[in-house]
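Computed from the coordinates by the stated procedures, all read-outs in this text should not be read as laboratory data. Source: prediction; values computed, not measured. Cβ sites come from the backbone with ideal geometry, for glycine too, and all protein chains shown count toward neighbours.
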Amino acid sequence: DNGLVRGVKCDHREEDRIRLLTDSLLKTFKPQVFPAAYTLSFVPVIKAEDTGIFLKVIRLSVHPPKPHAEPLLYETDQGEVYLRRDGSIQGPLSGSAIQE
């Protein structure tokens, strides 16, 4: 990772499409990720030269769940299982890793 952040061409119409797609995708996780559990933002890229092209960085932040006694597992619509850890995720997990 060289620390370079690149924006994507994104007008209001594209933002709306991305919001709907993100909501639809996150609802397929088990347990479901509700809109209150994440923040989707579009950060404008500021450049020295004015090219007339508006670039934005799409930032998706998923808020940590309330503490549970048991680890929290998430399953995607593809059947992949992930374990949420403090500040990271682990997965996709194998059956033996899930049993541990």
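Annotations
- Ordering 84, 13 from the fewest to the most neighbouring beta carbons within 10 Å gives 13, 84.
- Sites matching GluC sites (Glu not before Pro) across the range 1-64 that sit in DSSP coil, with at most 10 neighbouring C-beta atoms within 10 Å: 49
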